[in-house]
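Encoded as C-alpha cells, the structure appears first; notes follow it.
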2 protein chains.
Amino acid sequence: MPDSAGRLAVVGLGPGDPAYLCERARDELHNAQTVIGYRAYCEQVTDFWPDAPVEPWPIGAEVERATEAVRRARAGERIAVVSSGDAGVYGMAGLVLDVLYDLGWDGERNPEVEIVPGITAALAAAARLGAPLGVDFAAVSLSDLLVPWETIERRLHAVADGDLALAIYNARSAGRPESLDRALRILRAQRPGTTPAALVHDVCRPGERVDITTLGDLDPTAATMTTLVIVGCSTTRRRGRHLVTSRPYARRSAP
Amino acid sequence: MPDSAGRLAVVGLGPGDPAYLCERARDELHNAQTVIGYRAYCEQVTDFWPDAPVEPWPIGAEVERATEAVRRARAGERIAVVSSGDAGVYGMAGLVLDVLYDLGWDGERNPEVEIVPGITAALAAAARLGAPLGVDFAAVSLSDLLVPWETIERRLHAVADGDLALAIYNARSAGRPESLDRALRILRAQRPGTTPAALVHDVCRPGERVDITTLGDLDPTAATMTTLVIVGCSTTRRRGRHLVTSRPYARRSAP
C-alpha cells in the first residue's frame, strides 16, 4: 500500500505542438506515475516525451477512463488524465470531478486534485487568423451525441442574436455530416453573407491549413473532424490574410 | 540600418504565474530585442526574466504603443508586444494588425508577424473552479469604454436566452462600479437565482481567491478590477468546492 495520498491531475495538452504546452502541464505529466487518455492524446504526450508512462484508451470510453483514473488515484497512485486543448472545455475535467464526488470525495484530499488549463483550439485557431475573437465571443460544439440538437440550435440562434463572434467545435464528424450545414443556415438567416469566416484545419499540427472565407461562401463539406470553424460578428473585418474583431479605438485612432 | 526584416510577435503571457506560459511565448520573448507592453505586463515578464529588455508603457496608450511597435519592427527591430492572458482576447493582437494593415503591410514580410496564443483568464479561472465552462460558453466584457453599453446588454440577453455558461471580463472598474450590478439584473431575469456562480480574484497571482456562490447571492461589490466572474448555465452544478458543467453522460453513467 502506498504511504501517501494519491494525486489526480487533469491536464490540457494544448492544441498539438508541445510548444503550446505550459510548464505547469509538463510538470504534472512528469510527476505522474501513469498518464491516462484517449489514444491520440497519449500520442501527443509521447511525441515530446517518448518514455512517458502512458496508458492509451479507446475513444468513447470516457466514463470508464475517468472511473479507472479516480480508482487508482484513490488507491494512492499519481495519475494524470489528459485532454487536448483545455481539459475544462469539452474535455475530461468535469467528468473526472463528477466521478470523484459521486464516490464521496471530500474535495480536498485522497486524492489531491489539480485541473491544469491549456490553450483551447478556439484560441489557437484565432491566433493563426489574427484576432477574430478579439472582443466578445462564444464557443459552441455541434456534437449532438451528448447535447440535444435543439439545445445546440437554441445556442446558435442566441449567438446570432447577440452578435457574438463564434468558434464552432466538432463542426463535422462522420456520423453527422449535415450539422455544420444546418448551423450555417441558422447563422446566415441572421448575419450578412459577407461576414468574415474561416476554417482552420489541424491547428498547431502537421498539415495545418487556414481557409479564410465568408459566412455566405463557407463550404460545410470543407470541414473535417479536425477543423475549427470561426464566424465573425458585425465588427469582424478581413485584413489581408487576417481576421480582426477590434474594439472601436483601432479604427478611430490608427494612423 | 538593419540588414534583415524586422519581426513583430504579439504574445499572450497567460494569467500571471509564468508556469502557465507556453514555450512558444517564452521563445518569442527571448528572441525579441524589445518587449513593449503596459507596465503591469512588463512586470509579468521581468518577474521570471529579470533582465528582459522591457519597455513599459502607461495604461490607456494602446494605439500609441501599437504604432510604435509597428514602426520599429518595420525598421528592422525584433519586437514583442505583450498582453496578459491571450493576446487575441481583449488584448493587443487586433490593434497591432489594424495598425500594420493601415500602413500598407502586405501580410507576410517586413515585418514578419506572429500571434502567440495564451491561456486567457476565463480558462484559468474555470480550471480553479473545476469545469464551469465544460460545454458551450461565452465571454463578455463589461467595459463600455470602447463598446456601447447597449451592445453589452444585448449580448448578455443573448447569453441568457441561449443558456450558455458565461465568463465576465472587466466585471468592475473604478469608473463603472455599477456595471456588474446591471449585468446581474439581466441574467437574474432569465436564469434561476440558484444557478451556480463564482468570483475568481487574482487568478494565478499572489492572493488568488475563489468565492463560490449563486447568481442570486452574487454580491457585485465583491468584484475588484482583477476579478473574473463566472455564471453557470442550466446544467452547471456545484459539487463541493467545484463547479461542473457536464455533458449528460457524466450523470447518466458515473457509478
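When the strands (runs of 3 or more DSSP E) confined to the stretch B:154-223 are screened for residues that are open to solvent by less than 10 Å² (accessible area, probe 1.4 Å), those reaching at least 3 such residues are found at B:165-169, B:196-201.
Close contacts from the stretch A:101-127, counting a first residue that is more than 9 Å from chain B (Cβ to nearest Cβ) and of a type outside the set (Gly, Ala, Ser) and a second that is open to solvent by less than 30 Å² (accessible area, probe 1.4 Å) and not in a loop (DSSP other than H, G, I, E, B), with Cβ to Cβ under 7 Å and a gap of 6+ residues or different chains, come to A:111/A:8; A:111/A:73. Considering the stretch B:129-153, and only residues there that are among the aliphatic types (A, V, I, L, M) and part of a loop (DSSP other than H, G, I, E, B), the residue that is nearest to residue B:243 (Cα to Cα) turns out to be B:133.
Candidates in the stretch A:20-56 are the residues that are in contact (Cβ under 8 Å) with a residue 40 or more places away in the chain and of a type in the set (Gly, Ala, Ser); of these, the one that is nearest to the other protein chains (Cβ to nearest Cβ) is A:25. Counting only strands (runs of 3 or more DSSP E) that sit completely within the stretch B:2-90, those holding 3 or more residues that are farther than 22 Å from residue A:132 by Cβ and modelled with pLDDT of 95 or more correspond to B:34-38, B:54-57. When you check residue B:109 against the structure, is it in a helix (DSSP H, G or I) and open to solvent by 10 Å² or more (accessible area, probe 1.4 Å), yes or no? When the stated conditions are applied, residue B:109 does not pass them. Within the stretch A:75-83, is there a residue that is in contact with an Asp or Glu (Cβ under 8 Å, 6 or more places away or on another chain), facing chain B (nearest Cβ under 10 Å) and hydrophobic (A, V, I, L, M, F, W, C)? No. Return the residue satisfying two criteria in turn: it lies in the stretch A:226-242 and is closer than 21 Å to residue A:15 by Cβ and more than 9 Å from every other protein chain (Cβ to nearest Cβ), and of such residues it is nearest to the chain's Cα centre (by Cα). Looking at the filtered set, the residue picked out is A:228. Does residue B:73 satisfy the criteria of being surrounded by 17 or more Cβ atoms within 10 Å (Cβ to Cβ), aliphatic (A, V, I, L, M) and under 24 Å from residue B:226 (Cβ atoms)? Judged against the criteria, residue B:73 is not a match.
When restricted to residues that are touching a strand residue (DSSP E or B) at 6+ places or on another chain (Cβ under 8 Å) and open to solvent by 10 Å² or more (accessible area, probe 1.4 Å), the stretch B:142-153 contains 3.
The values are calculated or read from the model by the stated rules, or taken from the named source; none is laboratory data. Bear in mind that the values here come from a model prediction, so they are computed numbers and not experimental data. When we count neighbours, we look across all protein chains shown, and the Cβ atoms used for this are built from the backbone with ideal geometry, even at glycine. SASA here: full protein model, heavy atoms, side chains in, ligands and nucleic acids out. Shrake-Rupley method; radii C 1.70, N 1.55, O 1.52, S 1.80 Å.
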